[in-house]
Structures are given as structure tokens and as C-alpha cells.
Amino acid sequence: MKKIVFAMCTMLAISLVFSASLSKAADKKQTHHVGLHDRLLDFTEVRVIDNDMKVPLDEIAKVLYIPVEQESNMTYIRKRGIEISYNEVTQQIVKDGVELSWVPIVDVDGKLFISVKYIAREIGFKTEYFQKQQTLRIYRDDYAHISHTEYEKKIQQLLEKSKTVVSPIKPSQKSAVNVYLTFDDGPNQFTTINNKTLKKYNAQGTFFFLGKHMKNNENIVKAVADEGHYIGTHSMTHDKNKVYKSSTAFINEMNEGTKLILQMTGQDAKLLRVPYGSKPHVTPAMQQQLNKHNYKMWDWDVDSNDWKYTDKQADKITKNVRTGVEKAYKSGDRDIIILLHDRSQTTKALPQIIEWLQQEGYTIKTYEPTQHIIQNFLQDTTL
């Protein structure tokens, strides 16, 4: 009998230790961070291995525009005339034909991680480590960026903001969750339909208009403004090569669009959305220009992907919105920004989207300059 009791106690003790271990692992949060120029990068994992900060190879490759190729059991990194290879079988790392004496690339549970300092140095970047924030900054002197002192202050603000704990939202509190329906690429004939739909459901929207379309549709611009919707600029041309050619070209596109809105509506619109989203297109120099001209910038929380579908597939747009909003809602997001466009298929989906949001109890709002919400992929708290 004593043996049985002892065995049961032993099993219980092991169970408690194992559970505590799992709980501790689940509560473990990312403590180290990586930045690029004036940004704080959003990697899924940042690991410190052998006192060296490492991140997923595929993720940093996208950020630094590094071509990564896989052939059989080999992974190749090629940039600026350098070739680095990793053999998945032997774990041998070779640079330009010479085997490395240390290990900048490691396999963690089938995923390749690479040393941030190593890959940055190899492709011409410098690094600076901020001990207090446990953040490694990647930068280049020939690329405009704020000083290390200013950057340290900036990332401290971003990290403090990310630590804010959002309480779970109860179903009865959905009315406290604001949803912003935003429409890009107008004004056009579909803007008129969307405007009428919003009016029918007593809902408000936020429109980001293109200057080239505003010039030929001033009556639509005024009609949207008359209904109380906010209008911001989406650039003049939406041409990636023109908009992002330089910081001067960028800010000129925004300023010209804003001037048209002012001329047509009398509203000095300071909120804008850049073509294709801010990341990775908006450079630090462009961010500085936006700050200089007192602009704010919105990306989005929920992408409807409406541009992918036809009129007959409008239900897929509605489904994307519902799925995205529910995900944002469960994460504790109280200000959910939805990306839509002034297109035919969107006009078909909009009534169902609004009906669902209203049935769920969400509050549909237009942008309010006095209650600005920070939502940009650059995580820039000044925008």
C-alpha cells in the first residue's frame, strides 16, 4: 500500500513540475529586438544563441532584400558579390569557397536562424546595440537616419506601448469597439455607390482619393464630404516609380493631393494612406517629410483583398472582412481599420459587410483628427 501511495505522490510531483515548466514556457516573451535605420522590426523570433543575436533567415532576407536560394540540401545567400552557403546535412557554412570557423547560421527545429551582426556586416551595414532596450540597430551611414540618442528614445516609446496589456473584450462591450471602413483609389462611379450605401445604413467611412481622379470628379468629392465622411489623400498618381522615386517626389505627391481636397471641400486633410502600404516603401527620409508637414498616416488592420475578386465573388470579400475583424477583436483591438477600394465588386459586398458589423454591435466611424489612432506598419508613433 505504501509503495502505491509513494508512486502516486511521485507521479503527482512530476506532473506538477511538468505543468509548471509548460506554463513558464508559454509565458516566455520576446525580450530582444532588432531595428533597421529608424524602425523596429517585427520578427517572429529573436534568439540569443552563444551570446549572439539571431533571427529567422527568411525574415531578415525580406527586410534587407537578400536573395536566398535553396538547391537540394544547400541554402545559398548571394548579395554584393558575396556567396554564403549552408549545408543542411553537414551544417557546414562556407563563404566565397572558404569554410567559416564559427557558426553564424544555425538550424532550430528545422528553421534556419542567422546572426544579425554577421549578415549586416557582410552586406555593408553597421550595427549598434542598446543595452537598456536589448535592441540591435542595423544602419548605414549613406542612408538618412536619426541619431542613436533619438533612436533610443523612439524605441523606448515603442516598447513601452507594446507592453500595454489589453483586457479581453466581452461580447456586451462590442459597441466600444470602433471599426473604420476605408476606401482607396477613388473618386469614381463606384465611390458614388459606396457613398449611397453608407448613407442608407447610417454609417460613416474614410476615403483616400487619388489626385488624378479628383481632378475629373470634383462633384463626387464634394458629395462624399457633404455626407460627413473624412477624405484623405492617396497620392496623385499611385505610380510606385513616381511616388517613391525620392523623398521630395513623395511629399510633393501628398501635398498636391491635399491641396486638391482643400480646394474642393475646404478641409485641410492631414491623414493620408500611401500606395501599397507604408512598409517597406516609406523611407526614414520620407517619414521625416511627413512629420515636417504635420501628416498622419494610416495602413490597416484588416485587408479585404477585394481587388482579387469579381462581382460574382463578392461573398469572399465579406468573408475576408468578417474573419479579419473577428481575429482583431479576439486580440483585443478596439480600433479596427478595414482596407477596401472603390471598385465594382466592393459595392456588391459593402451592404453585407455593414449589416454584419451592425448586427455584431460594432461602432462604425469615420476618422476623427482630434482622436487620432496610430496604425502604420512602420510602428512610427509620430505618425
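The values are calculated or read from the model by the stated rules, or taken from the named source; none is laboratory data. Because the structure is predicted, anything quoted here is derived from the model rather than measured. So basically every Cβ, Gly included, is an ideal-geometry build from the backbone, and we count neighbours across all protein chains shown.
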message: Can you tell me how many residues within segment 355-371 are touching a strand residue (DSSP E or B) at 6+ places or on another chain (Cβ under 7 Å) and either without any contact (Cβ under 8 Å) to a residue 40 or more places away in the chain or aliphatic (A, V, I, L, M) (or both)?
response: 2
Pairs with Cβ under 9 Å, 6+ apart, first in segment 126-154 and without any contact (Cβ under 8 Å) to a residue 12 or more places away in the chain, second surrounded by 15 or more Cβ atoms within 10 Å (Cβ to Cβ): 129/53; 129/117; 129/135; 129/136; 129/137; 150/38
query: List, please: which pairs have Cβ atoms under 7 Å, are six or more places apart or on different chains, and start with a residue in segment 251-269 that is within 16 Å of residue 213 (Cβ to Cβ) and end with one that is of a type in the set (A, V, I, L, M, F, W, C) and part of a helix (DSSP H, G or I)?
result: 253/243; 260/214; 264/214; 264/221; 265/221; 265/225; 269/261
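Test residue 203 against the stated conditions and say whether it is within 19 Å of residue 271 (Cα to Cα) and either outside any helix (DSSP H, G or I) or of a type outside the set (Lys, Arg) (or both).
No: the conditions fail for residue 203.
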- prompt: Residues that are closer than 19 Å to residue 191 by Cβ and hydroxyl-bearing (Ser, Thr, Tyr): which helices (runs of 4 or more DSSP H) entirely in segment 279-383 hold 2 or more of them?
  reply: 344-360
Which numbered condition residue 149 fails, given (1) at pLDDT 90 or above; (2) crowded, with 18+ Cβ neighbours inside 10 Å; (3) over 30 Å from residue 77 (Cα atoms): (2)
- prompt: of a type in the set (A, V, I, L, M), part of a strand (DSSP E or B), in contact (Cβ under 8 Å) with a residue 40 or more places away in the chain and under 30 Å from residue 289 (Cβ atoms) - does that describe any residue in segment 74-83?
  reply: no
All positions within segment 269-296 that are of a type in the set (A, V, I, L, M), buried (at least 19 other Cβ atoms within 10 Å of the Cβ) and touching a helix residue (DSSP H, G or I) at 6+ places or on another chain (Cβ under 6 Å): 269, 272, 286
field: Residues that are of a type outside the set (D, E, K, R) and surrounded by 13 or more Cβ atoms within 10 Å (Cβ to Cβ), drawn from segment 130-146
entry: 130, 133, 134, 135, 136, 138, 139, 143, 144, 145, 146
